[in-house]
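In what follows, a structure is listed as C-alpha coordinates, so that the remarks can point back to it.
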Amino acid sequence: RENQAIANSIVEEYRRARKVLTKEIFKQCFNHPSSREDFIAYMRLAISVRLEVGEIVEGTAKQHRVVYNKLVAWRSSLLFSEITQRQLDEFDMWHLGQLRKKKGAKLVNHGEGPRSNAWKIIKTYLRRAAKDEIAFEMPGEFRTKQNAPEAAHLTSGLVKRLQLIYENPKGYPEHWREILRMFLWMCFTGQSFIDAQAANWEENIYESVL
(Lines give C-alpha, C1' and ligand atoms only; values in the text may rest on other atoms or scores of the structure.)
Protein backbone atom coordinates (compact mmCIF):
# COMPACT_ATOMS: atom_id res chain seq x y z
CA ARG A 1 0.00 0.00 0.00
CA GLU A 2 2.86 2.38 0.84
CA ASN A 3 4.57 1.60 -2.47
CA GLN A 4 1.33 2.26 -4.31
CA ALA A 5 1.04 5.65 -2.65
CA ILE A 6 4.60 6.56 -3.69
CA ALA A 7 3.93 5.45 -7.25
CA ASN A 8 0.70 7.45 -7.43
CA SER A 9 2.40 10.60 -6.11
CA ILE A 10 5.12 10.35 -8.77
CA VAL A 11 2.61 9.90 -11.59
CA GLU A 12 0.45 12.75 -10.26
CA GLU A 13 3.43 15.06 -9.93
CA TYR A 14 4.52 14.57 -13.53
CA ARG A 15 0.91 14.81 -14.76
CA ARG A 16 0.44 18.19 -13.06
CA ALA A 17 3.74 19.45 -14.41
CA ARG A 18 2.86 18.11 -17.90
CA LYS A 19 6.26 16.44 -18.16
CA VAL A 20 7.09 13.15 -19.81
CA LEU A 21 7.45 10.36 -17.25
CA THR A 22 9.64 7.65 -18.76
CA LYS A 23 10.16 4.21 -17.27
CA GLU A 24 13.71 5.14 -16.26
CA ILE A 25 12.65 8.37 -14.53
CA PHE A 26 9.81 6.61 -12.70
CA LYS A 27 12.17 3.90 -11.47
CA GLN A 28 14.69 6.38 -10.14
CA CYS A 29 12.03 8.51 -8.43
CA PHE A 30 10.43 5.41 -6.90
CA ASN A 31 13.74 4.09 -5.57
CA HIS A 32 14.73 7.47 -4.10
CA PRO A 33 11.66 8.93 -2.34
CA SER A 34 13.95 10.87 0.02
CA SER A 35 14.80 13.15 -2.90
CA ARG A 36 11.57 15.04 -2.15
CA GLU A 37 12.96 16.02 1.28
CA ASP A 38 16.74 16.15 0.90
CA PHE A 39 18.26 18.53 -1.63
CA ILE A 40 21.52 16.55 -1.87
CA ALA A 41 19.59 13.35 -2.66
CA TYR A 42 17.44 15.34 -5.10
CA MET A 43 20.49 16.72 -6.90
CA ARG A 44 22.01 13.25 -7.30
CA LEU A 45 18.79 11.93 -8.80
CA ALA A 46 18.22 14.98 -11.01
CA ILE A 47 21.71 14.72 -12.53
CA SER A 48 21.02 11.10 -13.51
CA VAL A 49 17.56 11.93 -14.87
CA ARG A 50 18.81 14.87 -16.93
CA LEU A 51 21.57 12.72 -18.41
CA GLU A 52 19.14 9.87 -19.09
CA VAL A 53 16.68 12.03 -21.04
CA GLY A 54 19.42 13.85 -22.98
CA GLU A 55 18.96 17.18 -21.25
CA ILE A 56 22.70 17.29 -20.47
CA VAL A 57 25.71 15.46 -21.89
CA GLU A 58 28.15 13.29 -19.96
CA GLY A 59 30.75 16.07 -19.69
CA THR A 60 28.23 18.42 -18.06
CA ALA A 61 26.96 15.65 -15.78
CA LYS A 62 30.54 15.04 -14.66
CA GLN A 63 30.97 18.70 -13.69
CA HIS A 64 27.69 18.62 -11.79
CA ARG A 65 28.71 15.45 -9.95
CA VAL A 66 31.89 17.22 -8.80
CA VAL A 67 29.74 19.86 -7.09
CA TYR A 68 27.41 17.17 -5.74
CA ASN A 69 30.44 15.37 -4.22
CA LYS A 70 31.54 18.64 -2.59
CA LEU A 71 28.11 18.99 -1.00
CA VAL A 72 28.31 15.40 0.29
CA ALA A 73 31.78 16.06 1.72
CA TRP A 74 30.42 19.16 3.45
CA ARG A 75 27.45 17.37 5.00
CA SER A 76 25.63 14.10 4.34
CA SER A 77 22.22 15.69 3.89
CA LEU A 78 20.61 19.10 3.43
CA LEU A 79 16.87 19.12 3.90
CA PHE A 80 14.91 21.49 1.70
CA SER A 81 13.44 22.92 4.90
CA GLU A 82 16.98 23.82 6.04
CA ILE A 83 17.99 25.73 2.91
CA THR A 84 18.73 29.38 3.64
CA GLN A 85 21.17 31.96 2.35
CA ARG A 86 23.18 31.48 5.53
CA GLN A 87 23.47 27.72 4.93
CA LEU A 88 24.79 28.27 1.43
CA ASP A 89 27.21 30.91 2.71
CA GLU A 90 28.51 28.30 5.16
CA PHE A 91 29.02 25.86 2.29
CA ASP A 92 30.85 28.56 0.35
CA MET A 93 33.20 29.24 3.28
CA TRP A 94 33.82 25.50 3.64
CA HIS A 95 34.50 25.29 -0.12
CA LEU A 96 36.97 28.19 0.17
CA GLY A 97 38.77 26.39 2.98
CA GLN A 98 39.09 23.26 0.86
CA LEU A 99 40.48 25.26 -2.06
CA ARG A 100 43.05 26.88 0.22
CA LYS A 101 44.16 23.49 1.52
CA LYS A 102 44.52 22.16 -2.01
CA LYS A 103 46.14 25.12 -3.78
CA GLY A 104 47.66 27.19 -1.00
CA ALA A 105 49.42 30.30 -2.29
CA LYS A 106 48.50 29.36 -5.87
CA LEU A 107 44.82 30.09 -5.20
CA VAL A 108 43.79 32.98 -7.45
CA ASN A 109 41.33 35.68 -6.29
CA HIS A 110 40.17 33.60 -3.30
CA GLY A 111 38.91 30.87 -5.63
CA GLU A 112 36.12 33.05 -7.00
CA GLY A 113 35.97 31.06 -10.26
CA PRO A 114 35.29 27.57 -8.87
CA ARG A 115 33.16 28.95 -6.05
CA SER A 116 30.93 30.92 -8.41
CA ASN A 117 30.67 27.92 -10.73
CA ALA A 118 29.63 25.67 -7.84
CA TRP A 119 26.92 28.13 -6.87
CA LYS A 120 25.58 28.34 -10.43
CA ILE A 121 25.25 24.56 -10.56
CA ILE A 122 23.58 24.40 -7.15
CA LYS A 123 21.17 27.16 -8.17
CA THR A 124 20.31 25.23 -11.35
CA TYR A 125 19.05 22.32 -9.27
CA LEU A 126 17.32 24.58 -6.76
CA ARG A 127 15.35 26.13 -9.63
CA ARG A 128 14.55 22.68 -10.96
CA ALA A 129 13.32 21.60 -7.53
CA ALA A 130 11.10 24.69 -7.40
CA LYS A 131 9.62 23.73 -10.79
CA ASP A 132 9.01 20.25 -9.39
CA GLU A 133 6.88 22.01 -6.77
CA ILE A 134 9.10 21.12 -3.83
CA ALA A 135 8.46 23.67 -1.11
CA PHE A 136 11.50 25.52 0.24
CA GLU A 137 12.86 29.01 0.67
CA MET A 138 14.75 30.02 -2.46
CA PRO A 139 17.97 31.83 -1.46
CA GLY A 140 18.85 35.13 -3.06
CA GLU A 141 21.51 35.58 -5.69
CA PHE A 142 24.87 34.29 -4.58
CA ARG A 143 27.59 36.83 -3.95
CA THR A 144 31.04 35.30 -3.70
CA LYS A 145 32.53 36.74 -0.54
CA GLN A 146 35.80 38.53 -1.23
CA ASN A 147 37.54 37.43 1.95
CA ALA A 148 40.52 39.53 2.86
CA PRO A 149 43.76 37.68 2.18
CA GLU A 150 45.60 36.32 5.17
CA ALA A 151 47.86 38.90 6.78
CA ALA A 152 51.38 38.98 5.38
CA HIS A 153 54.16 38.32 7.87
CA LEU A 154 56.75 40.98 8.59
CA THR A 155 60.12 39.73 7.36
CA SER A 156 63.57 40.65 8.63
CA GLY A 157 64.26 42.24 5.24
CA LEU A 158 61.34 44.62 5.63
CA VAL A 159 62.44 45.51 9.16
CA LYS A 160 65.93 46.38 7.85
CA ARG A 161 64.41 48.60 5.16
CA LEU A 162 62.34 50.43 7.78
CA GLN A 163 65.42 50.78 9.95
CA LEU A 164 67.33 52.42 7.06
CA ILE A 165 64.47 54.86 6.54
CA TYR A 166 64.54 55.69 10.26
CA GLU A 167 68.28 56.31 10.18
CA ASN A 168 68.11 58.32 6.96
CA PRO A 169 64.62 59.88 6.79
CA LYS A 170 65.44 62.30 3.99
CA GLY A 171 62.37 62.86 1.84
CA TYR A 172 59.96 61.55 4.47
CA PRO A 173 57.78 63.67 6.79
CA GLU A 174 59.23 64.18 10.28
CA HIS A 175 56.30 62.50 12.01
CA TRP A 176 56.99 59.30 10.03
CA ARG A 177 60.29 58.98 11.91
CA GLU A 178 58.47 59.20 15.23
CA ILE A 179 56.03 56.48 14.14
CA LEU A 180 58.89 54.30 12.88
CA ARG A 181 60.76 54.71 16.15
CA MET A 182 57.87 53.26 18.13
CA PHE A 183 57.15 50.54 15.56
CA LEU A 184 60.77 49.37 15.40
CA TRP A 185 60.97 49.46 19.19
CA MET A 186 58.00 47.05 19.35
CA CYS A 187 59.62 44.82 16.70
CA PHE A 188 62.89 44.51 18.64
CA THR A 189 61.44 44.26 22.15
CA GLY A 190 58.11 42.51 21.59
CA GLN A 191 56.33 45.17 23.64
CA SER A 192 52.67 45.87 23.05
CA PHE A 193 51.52 49.19 21.61
CA ILE A 194 50.17 50.28 25.01
CA ASP A 195 53.47 49.52 26.76
CA ALA A 196 55.46 51.24 24.04
CA GLN A 197 53.33 54.35 24.40
CA ALA A 198 54.19 54.45 28.11
CA ALA A 199 57.95 54.24 27.46
CA ASN A 200 60.19 57.21 28.35
CA TRP A 201 61.40 58.38 24.96
CA GLU A 202 63.40 61.19 26.57
CA GLU A 203 66.07 58.61 27.39
CA ASN A 204 66.58 57.59 23.77
CA ILE A 205 65.85 54.00 24.66
CA TYR A 206 65.34 53.04 21.01
CA GLU A 207 68.88 53.99 20.09
CA SER A 208 70.20 52.01 23.08
CA VAL A 209 68.47 48.87 21.84
CA LEU A 210 70.09 49.24 18.44
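Amide H neighbours of residue 79 under 5 Å, counting only residues 5+ apart in sequence or on other chains, H built in-plane at 1.01 Å?
For residue 79, the qualifying residues are 39.
Specify whether the C-alpha gyration tensor of region 155-200 places it in the rounded, prolate or oblate class, a ≥ b ≥ c being the square roots of the eigenvalues: rounded for a/c under 1.5, otherwise prolate if a/b is larger than b/c and oblate if not.
Judged from the Cα gyration tensor, region 155-200 comes out oblate (a/c at least 1.5, b/c at or above a/b).
Between their Cα atoms, which of 102/131; 103/131; 62/123; 102/160; 102/123 are more than 28 Å away from each other?
Where the Cα-Cα span goes over 28 Å, the pairs concerned are 102/131; 103/131; 102/160.
Rounded if a/c is under 1.5, else prolate if a/b is larger than b/c, else oblate: which is region 50-105, with a ≥ b ≥ c the root eigenvalues of its Cα gyration tensor?
Oblate, because a/c is 1.5 or more while a/b does not exceed b/c.
Determine the order of 192, 116, 156 by accessible area, beginning with the largest, at a probe radius of 1.4 Å.
Most to least solvent-accessible, the answer reads 156, 192, 116.
Give the accessible area for residue 99 in Å² (nearest 10); use a 1.4 Å probe, count only protein heavy atoms, and leave out ligands, DNA and RNA.
Ignoring ligands and nucleic acids, residue 99 comes out at about 20 Å².
If you rank 175, 110 by how much accessible surface each has, with a 1.4 Å probe, what is the order from largest down?
I get 175, 110, largest accessible area first.
Mind grabbing the accessible area of residue 183 for me, 1.4 Å probe, Å², rounded to tens?
About 80 Å², rounded to the nearest 10.
The values are calculated or read from the model by the stated rules, or taken from the named source; none is laboratory data. All of these numbers come straight from a predicted model, not from anything done at the bench. Accessible surface areas use protein heavy atoms only, side chains included; no ligands, DNA or RNA. Shrake-Rupley method; radii C 1.70, N 1.55, O 1.52, S 1.80 Å.
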